[in-house]
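Structure record follows, encoded as structure tokens.
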Amino acid sequence: MKTTKILLTLAAVALSVVAAAKELTVTVRNVRSADGSILTMLRIPGQQPLYAKTPAGAGTVTVRFEGIEGDEAGVWIIHDENGNYQMDMRENGGPAEGYATRDCLLPDERNTVEIDLTYPESV
């Protein structure tokens, strides 16, 4: 009987952890070309960062994260147009590729956010 209670308690705890995991769907807008990839990092307090690489597409790109255990996250996005997996910088030190950052609250099991990329002005 005692073993059954322990097993039921462990099962309830496991189910509550699974139920607590959240999703975030990020719609990346203002993608200027289909060149390269959209690199996205999700920073969640107390959890390892989550990463995604999605083929770029002119207009919008959707990225989905699962297994988020917090109530807030920072989203960092780079349009890696040349495929070198890093933010290229201009001679003046500013970014040479599209980018965006946003802090998000995650109150629901399934959350969505729309983020516009910013590109540097042409020289």
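Quick check, is ARG90 modelled with pLDDT of 90 or more, touching a Leu at 6+ places or on another chain (Cβ under 8 Å) and over 20 Å from ASP108 (Cβ atoms)? The answer is no for ARG90. How many of the residues in region 22-69 are more than 23 Å from PRO120 (Cα to Cα), within 11 Å of the chain's Cα centre (by Cα) and open to solvent by 90 Å² or more (accessible area, probe 1.4 Å)? Of the residues in region 22-69, 4 are more than 23 Å from PRO120 (Cα to Cα), within 11 Å of the chain's Cα centre (by Cα) and open to solvent by 90 Å² or more (accessible area, probe 1.4 Å). Any residue at all in region 79-95 that is within 21 Å of LEU24 (Cα to Cα) and either out of contact with any helix residue (DSSP H, G or I) (no Cβ under 7 Å at 6 or more places or on another chain) or among the acidic types (Asp, Glu) (or both)? Yes - at least one qualifying residue is present in region 79-95.
Looking across region 70-85, just one residue is exposed (fewer than 13 other Cβ atoms within 10 Å of the Cβ) and among the aromatic types (Phe, Trp, Tyr), and that is TYR85. Restricted to region 96-113, and to residues there that are among the charged types (D, E, K, R) and open to solvent by 100 Å² or more (accessible area, probe 1.4 Å), the residue that is farthest from VAL31 (Cα to Cα) is GLU109.
The values are calculated or read from the model by the stated rules, or taken from the named source; none is laboratory data. Just so you know, these numbers come straight off a predicted model, no measurement behind them. Using ideal geometry, Cβ is built from the backbone for each residue, glycine included, and neighbour counts are taken over all protein chains shown. To get the accessible areas, we keep the full protein, side chains included, count just its heavy atoms, and leave off ligands, DNA and RNA. Shrake-Rupley method; radii C 1.70, N 1.55, O 1.52, S 1.80 Å.
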